[in-house]
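The values are calculated or read from the model by the stated rules, or taken from the named source; none is laboratory data. Keep in mind the model is a prediction, meaning the values are calculated, not measured. Note that each Cβ is placed from the backbone with ideal geometry, even for glycine, and that neighbours are counted across all protein chains shown.
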Amino acid sequence: MEFQELQNALSKLTEIESMKFLAEEYPDEVVFSTSFGYEDQVITHLIASNNIPITLFTLDTGRLFPETYSTWVSTLERYKISIKPYYPDSTQIADFVERNGPNAFYNSPELRKECCGIRKVESLNKALKGQKVWITGLRSSQSSARHDLPQLEWDEDHQLYKFHPLLDWSLDQVKDFVLKNNIPYNPLHDKNFVSIGCAPCTRAIKLGEDFRAGRWWWEGNSKKECGLHVHKS
């Protein structure tokens, strides 16, 4: 199906209908990446509760919070689903740490991006290989870089469609849905951790701070992404 045709079809559908449509249009070629944050838990709930045949996967960097692993376990217990983990190459990690030390990402943006590349991007490339649709939990209000995102976009690097079913949801909508449906969520959210990634690279945000302020905060106020979601202007 051509991009414009697919975009027009999805624009008339709800979140659940959209994911069902994509799963029917591209059987066994639609995947959803979860990091067990609020938004991803909502999408996991929608997929599992409606038996939508979409493959779930996660990127285990080896440096996640204990609370993230606990949320992973509670999600499996609640929904009785399979979530495929992808891990970074141990040889690449060993080489990086030997050359730069275990916390080298604090030393420069270049080293931080190299670490993200090894621990996240390479794993993501494996997970998306041969797929047609990548579903994400991105929302437009999460950062200035995501403000003008379309709900459906073409990912040139991975040669697939990216679909963001919760793009226009507010954080309050997400939190209300989680609470109303008793969805397991990361307890760090209750401590003002909004965007949760690797433990050394994530902190709680203060009142009035940007959604992404808790990620790689030592790099200042530049637009910061780990390389998983690259938006070309």
* How about the stretch 190-222: which of its residues are in a helix (DSSP H, G or I) and either more than 17 Å from residue 171 (Cβ to Cβ) or under 16 Å from the mean Cα position of the chain (by Cα) (or both)? -> 199, 200, 201, 217, 218, 219
* **Flag for residue 63 being surrounded by fewer than 20 Cβ atoms within 10 Å (Cβ to Cβ), farther than 28 Å from residue 169 by Cα and either in contact with a Lys or Arg (Cβ under 9 Å, 6 or more places away or on another chain) or modelled with pLDDT of 95 or more (or both)** => yes
* Structure fact -> Of 49, 18, 11, 70, the only residue that is of a type outside the set (Lys, Arg) and at pLDDT below 95 is 11
* Taking only the stretch 2-59 into account, find how many residues are on the phi > 0 side of the Ramachandran plot and free of Cβ contacts under 8 Å to residues at least 40 places away in the same chain. => 2
* **Answer residue from the stretch 117-174, given it is acidic (Asp, Glu) and in a loop (DSSP other than H, G, I, E, B) and is modelled with the lowest pLDDT among those** => 148
* **Some residue of the stretch 74-91 being part of a loop (DSSP other than H, G, I, E, B), surrounded by 15 or more Cβ atoms within 10 Å (Cβ to Cβ), touching a residue at least 40 places away in the same chain (Cβ under 8 Å) and not aromatic (Phe, Trp, Tyr)** => no
